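Please treat every number below as a calculation from the coordinates, not as lab data. These numbers come from a predicted model, not from an experiment. Don't worry about glycine lacking a Cβ; one is built from the backbone with ideal geometry, like all the others, and counts go over all protein chains shown.
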Amino acid sequence: MKTKVLILHGWHGSEAPHWQDWLYHQLREAGYEVAFPQFSDNMHPSKEVWLREAQAAYKEIQPTVVIAHSMGNTLWFHLCNEGLVGSVERLLLVAPPRDLSDYDDVAEFFPVEVKGFCADEVLMVSSTDDPYMSKAEAAEFARAHSIKQKVVQNGGHINSESGFGPWPWVLEWVKKGSG
């Protein structure tokens, strides 16, 4: 089966020079079918609008791999909880945030209970100094949900502000499951 990739950005988007934008272009150039929907009003997101837009992208591409960053993880949890998506082969959770209900712009996305990941294989990538989820919170999340975890030393929120534009590791992670 051909690898098809759905990339879910988070709050404020993931435009260039963010690694998600870089990954999208790398995968397209390599001939992958990939969707990277740009959700409406990424500065002040609406949970219902983002769910509808993400579900539409999911239905259109029928991905085998989902790669989420930051609030894109939270969005994926809601999609799974509400039965709006089916299962994928592999899921990469990058820098998932803790409960951010104290941030007015995204409060409606929280709290979110993780009832399942809608994936056969799950890997979480976190950072030792992410301002939105501490090293201890990330370790507890991985342990509580029995998922594998890769920890990036001093990677901040694993975004362009912390130096993650081109990120060859994530491209190789996608390709490793391409048969």
Output for the range 117-153, where each listed residue is in a loop (DSSP other than H, G, I, E, B) and either more than 17 Å from Ile67 (Cα to Cα) or touching a Cys at 6+ places or on another chain (Cβ under 8 Å) (or both)
Phe117, Cys118, Thr128, Asp129, Asp130, Pro131, Tyr132, Met133, Ser134, His145, Ser146, Gln153
Only residues that are in contact (Cβ under 8 Å) with a residue 40 or more places away in the chain and either more than 16 Å from the chain's Cα centre (by Cα) or in a loop (DSSP other than H, G, I, E, B) (or both): list them for the range 107-116, please.
Glu108
Looking at the range 90-108, can you tell me whether even one residue there is loosely packed, with under 14 Cβ neighbours inside 10 Å, of a type in the set (Gly, Ala, Ser) and within 19 Å of Ala138 (Cα to Cα)?
yes
What is the residue count in the range 117-136 for residues that are more than 25 Å from Val174 (Cβ to Cβ) and under 17 Å from the mean Cα position of the chain (by Cα)?
1
Hits in the range 139-162 - residues which are free of Cβ contacts under 8 Å to residues at least 24 places away in the same chain and either surrounded by 14 or more Cβ atoms within 10 Å (Cβ to Cβ) or of a type outside the set (S, T, N, Q) (or both)
Ala139, Glu140, Ala142, Arg143, Ala144, Glu161
Of (1) within 24 Å of Ser160 (Cβ to Cβ); (2) surrounded by fewer than 19 Cβ atoms within 10 Å (Cβ to Cβ); (3) in contact with a Leu (Cβ under 6 Å, 6 or more places away or on another chain), Ser40 satisfies every one except (3)
